[in-house]
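The values are calculated or read from the model by the stated rules, or taken from the named source; none is laboratory data. As the structure is a prediction and not an experimental result, all values here were calculated from the model. Reconstructed Cβ throughout: ideal geometry from the backbone, glycine too, with neighbour counts over all protein chains shown. In case anyone asks, the SASA skips ligands and DNA or RNA and just uses the protein heavy atoms, side chains included. Shrake-Rupley method; radii C 1.70, N 1.55, O 1.52, S 1.80 Å.
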Amino acid sequence: MSVAFRRESDEEHLEPKFELPIPLGPNLVTPRGLELIEARNAELEAAVAAASAEALPELQRDLRYWRARLATAQLAPPASGEIVAFGTAVTIEQDGKARTLAIVGHDESDPAAGRIAFTAPLAKVLIGNEVGEEVDPPGPGGAITIVAIAVA
């Protein structure tokens, strides 16, 4: 039989396991974000130590990601609270509805909880503005008014 028709192993026919993508740009973090990254690293190191052979590759991949995030983390300087910036909580009003958003790093972001990454389109529109200013939203809806800014 020709070598072309032989399989060396079943491993070569499995789907490839890809690394987790690391967001482009600086890895800015808040003090809370740094704590979350450190905790995730500790959690994964413990999980790898106790993992079965089957679960080990995925856990090691996750651990590589979080180790890279910890190694590149840059604690952002504290925000002044005078303008919308990284590390601030900004209350906005759009179409008569108010909501508060914290502008944080990638790994800390959770839009459902009101924490958006500083690279999100909405954050980019808000950053650099002051209370009382109106900005155009990146999507549908009326103008966004900045109602309040606080240090997050």
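Sort out which residues of the stretch 84-101 are open to solvent by 20 Å² or more (accessible area, probe 1.4 Å), within 24 Å of the chain's Cα centre (by Cα) and farther than 10 Å from residue 145 by Cα, and write them in order of number.
Within the stretch 84-101, 85, 86, 89, 99, 100 qualify.
Which condition number in (1) small (Gly, Ala, Ser); (2) farther than 23 Å from residue 77 by Cβ; (3) modelled with pLDDT under 95 is the one that residue 46 fails?
Evaluating residue 46 over (1) small (Gly, Ala, Ser); (2) farther than 23 Å from residue 77 by Cβ; (3) modelled with pLDDT under 95 leaves (3) as the failure.
Return the only residue of 53, 71 being out of contact with any strand residue (DSSP E or B) (no Cβ under 7 Å at 6 or more places or on another chain), at pLDDT 95 or above, open to solvent by 70 Å² or more (accessible area, probe 1.4 Å) and farther than 30 Å from residue 150 by Cβ.
Values: 53 fails: at pLDDT 95 or above.
That would be 71, the only listed residue that is out of contact with any strand residue (DSSP E or B) (no Cβ under 7 Å at 6 or more places or on another chain), at pLDDT 95 or above, open to solvent by 70 Å² or more (accessible area, probe 1.4 Å) and farther than 30 Å from residue 150 by Cβ.
Taking the condition of being open to solvent by 50 Å² or more (accessible area, probe 1.4 Å) and either more than 21 Å from residue 82 (Cβ to Cβ) or among the charged types (D, E, K, R) (or both), how many residues in the stretch 120-140 meet it?
Of all residues in the stretch 120-140, those open to solvent by 50 Å² or more (accessible area, probe 1.4 Å) come to 121, 124, 127, 130-134, 136, 138, 140.
With either more than 21 Å from residue 82 (Cβ to Cβ) or among the charged types (D, E, K, R) (or both) added as a condition, the list becomes 121, 124, 130, 133-134, 136, 138, 140.
The total comes to 8.
Given 47, 39, which one is part of a helix (DSSP H, G or I), over 27 Å from residue 120 (Cβ atoms) and aliphatic (A, V, I, L, M)?
Working: 39 fails: over 27 Å from residue 120 (Cβ atoms).
Exactly one residue qualifies, and that residue is 47.
Please go through (1) assigned to a loop (DSSP other than H, G, I, E, B); (2) open to solvent by less than 80 Å² (accessible area, probe 1.4 Å) for residue 62 and return the number of the only condition it doesn't satisfy.
Here residue 62 meets the rest and fails (1).
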